[in-house]
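*Asks:* The following block contains the structure, expressed as structure tokens.
The values are calculated or read from the model by the stated rules, or taken from the named source; none is laboratory data. What you see is a predicted model, and the numbers here were worked out from it, not measured in a lab. In this analysis, Cβ positions are derived from the backbone assuming ideal geometry, glycine residues included, and neighbour counts consider all displayed protein chains. Accessible surface areas use protein heavy atoms only, side chains included; no ligands, DNA or RNA. Shrake-Rupley method; radii C 1.70, N 1.55, O 1.52, S 1.80 Å.
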Amino acid sequence: MSPRFDLRSLLERVEAAPPIDAVAAVADQLAVLTGASEVSFLIADFSGHALVRLGRATHAPDGTRTVGPEAAETLPLEGTAFAQVLRTQVADVSVTERGVCMIVPVTDRGDAIGVLELVLPEMPDEQVQADIRAAGHALAYVIIANRRHTDLFEWGQRTTPFSLAAEIQRRLLPSAFTCEAGQFTLAGWLEPAATVGGDTFDYALDRDSLQVSISDAVGHEVGAALLATLLVGSLRNERRRGLPLAEQLHNADAALAAHAAPGQFVTGQVMRVDLRTGRAQIVNAGHPLPLRLRAGRVEEVDLHIDLPFGVEPERPFRLQEFPLRPGDRVVFVTDGMQERNAAELDVAAALADSAALH
């Protein structure tokens, strides 16, 4: 950033502010440094179809959600400049009735947290635009650090009330749904976000490997969410102990069988990719087969299918090679995608049609 955009000074202001005012501290500093008449942060909601402008209830437009002094104004994404910036991760500068509007992405490693919008008195030069883009990137880290201490951001993202099962399930998910690294790009999503109970995904990256899992607990709502909690917690515990993949799965399987009621089980797939060699290994525990896009062709990856977790803990899982090449796009799904397939979405066709997209 240029000297007038002093990152150290900006971070000092953030540290001096309460966590709930961290974004406001960045916005106030940007307003002073750019002369902007308006600076606002819009966070992506959990549906993926809207942005939510966070602000104060005293200045909120009609129809805005409010809780005490906080306000959350929901703005549909479709067909807007916000959508373009969020999807392309490229800033937009335009002349509007309000003045010169600049919108920049607020993103960390591909995880599109939201956008930063400024209304400026004049067209910014290249240096000012670069400074504002850098401030947007810094804001992503500010939000990641401060959302641990407040429910403000989570509340803003919930344009639809969550069920108890979805609340439990959300604690099982990784804190970022997207990760861009040198060797791969990974992204996950739940649909719908507010009512699902037993479907989960997880990933972890270390120096030499990427481990990915997807699982689907039997049953519905709170019971399924609690069952999923048992499996995901066990898988994470074993992984964090540094055990080899086969031992992780064996111990998680035994834990589920020991603590779950008879007849309860979880289907799933756990894959480990060696980032040095590109070699991948996977276990399929009674789960729908993954899809792979390679050279424009979509097909199911043929895997041996073992029993789900929690059924026969003494029977070992088969650790098998996953055929992976540079450029492959692999999609793991739960059976909910297949249930809606006929009426709403052909997953294989959608994967092929989106081949040119990031």
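*Asks:* Just a yes or no: is a residue in the range 74-92 touching a Ser or Thr at 6+ places or on another chain (Cβ under 9 Å), within 19 Å of Ile143 (Cβ to Cβ) and open to solvent by 40 Å² or more (accessible area, probe 1.4 Å)?
*Replies:* yes
*Asks:* Kindly list the number of the only condition in (1) open to solvent by 40 Å² or more (accessible area, probe 1.4 Å); (2) in a strand (DSSP E or B) that fails for Phe41.
*Replies:* (1)
*Asks:* Only one of (1) part of a loop (DSSP other than H, G, I, E, B); (2) open to solvent by 30 Å² or more (accessible area, probe 1.4 Å) is not met by Ala176, so which one is it?
*Replies:* Just one mismatch for Ala176, condition (2).
*Asks:* Those residues that are part of a helix (DSSP H, G or I) and among the basic types (Lys, Arg), I need them from the range 127-173; list them, please.
*Replies:* Those that are part of a helix (DSSP H, G or I) and among the basic types (Lys, Arg): Arg133, Arg170.
*Asks:* Tell me which residues, restricted to the range 206-221, are open to solvent by 50 Å² or more (accessible area, probe 1.4 Å) and either at pLDDT 95 or above or over 27 Å from Ala246 (Cβ atoms) (or both).
*Replies:* Scanning the range 206-221 gives His220, Glu221.
*Asks:* Related question: Assess whether Gly99 counts as being open to solvent by less than 30 Å² (accessible area, probe 1.4 Å) and either among the hydrophobic types (A, V, I, L, M, F, W, C) or under 30 Å from Leu33 (Cβ atoms) (or both).
*Replies:* Yes, satisfied.
*Asks:* Is at least one residue of the range 182-189 of a type outside the set (D, E, K, R), over 25 Å from Ala285 (Cβ atoms), touching a Gly at 6+ places or on another chain (Cβ under 9 Å) and in contact (Cβ under 8 Å) with a residue 12 or more places away in the chain?
*Replies:* yes
*Asks:* Of everything in the range 312-333, what is modelled with pLDDT of 95 or more and more than 25 Å from the chain's Cα centre (by Cα)? Give them in sequence order.
*Replies:* Phe317, Arg318, Leu319, Gln320, Glu321
*Asks:* So if I check each of Asp21, Asp62, Asp92, which one is assigned by the TED database to the domain that holds Leu152, closer than 23 Å to Ile144 by Cβ and either free of Cβ contacts under 8 Å to residues at least 40 places away in the same chain or of a type in the set (Phe, Trp, Tyr) (or both)?
*Replies:* Of Asp21, Asp62, Asp92, the one residue that is assigned by the TED database to the domain that holds Leu152, closer than 23 Å to Ile144 by Cβ and either free of Cβ contacts under 8 Å to residues at least 40 places away in the same chain or of a type in the set (Phe, Trp, Tyr) (or both) is Asp21.
*Asks:* A further question follows. If you go through the range 16-36 one residue at a time, do you hit one that is on the phi < 0 side of the Ramachandran plot, of a type outside the set (D, E, K, R), loosely packed, with under 14 Cβ neighbours inside 10 Å and in contact with a helix residue (DSSP H, G or I) (Cβ under 8 Å, 6 or more places away or on another chain)?
*Replies:* Yes, the range 16-36 contains a residue that is on the phi < 0 side of the Ramachandran plot, of a type outside the set (D, E, K, R), loosely packed, with under 14 Cβ neighbours inside 10 Å and in contact with a helix residue (DSSP H, G or I) (Cβ under 8 Å, 6 or more places away or on another chain).
*Asks:* Further, regarding this structure: Specify the residue that is surrounded by the most Cβ atoms within 10 Å (Cβ to Cβ); the eligible residues are those in the range 243-258 that are touching a residue at least 60 places away in the same chain (Cβ under 8 Å) and of a type in the set (A, V, I, L, M).
*Replies:* Leu249
*Asks:* Does Ala261 count as within 19 Å of Gly198 (Cβ to Cβ), out of contact with any helix residue (DSSP H, G or I) (no Cβ under 6 Å at 6 or more places or on another chain) and open to solvent by 20 Å² or more (accessible area, probe 1.4 Å)?
*Replies:* The answer is yes for Ala261.
*Asks:* Go through Arg318, Arg297, Arg279 for me and flag whichever is in contact with a His (Cβ under 6 Å, 6 or more places away or on another chain) and open to solvent by 50 Å² or more (accessible area, probe 1.4 Å).
*Replies:* Of Arg318, Arg297, Arg279, the one residue that is in contact with a His (Cβ under 6 Å, 6 or more places away or on another chain) and open to solvent by 50 Å² or more (accessible area, probe 1.4 Å) is Arg318.
*Asks:* Is it the case that some residue within the range 234-248 is among the polar types (S, T, N, Q), within 28 Å of Gln157 (Cα to Cα) and not in a loop (DSSP other than H, G, I, E, B)?
*Replies:* No, because not a single residue in the range 234-248 is among the polar types (S, T, N, Q), within 28 Å of Gln157 (Cα to Cα) and not in a loop (DSSP other than H, G, I, E, B).
*Asks:* Going through the range 1-55 one residue at a time, which ones are modelled with pLDDT of 90 or more, β-branched (Val, Ile, Thr), closer than 21 Å to Ser175 by Cβ and over 21 Å from the mean Cα position of the chain (by Cα)?
*Replies:* Residues satisfying the conditions are Ile20, Val26.
*Asks:* Consider Leu293 carefully, then state whether it is touching a Gly at 6+ places or on another chain (Cβ under 8 Å) and more than 22 Å from Asp216 (Cα to Cα).
*Replies:* Against the criterion (touching a Gly at 6+ places or on another chain (Cβ under 8 Å) and more than 22 Å from Asp216 (Cα to Cα)), Leu293 does not qualify.
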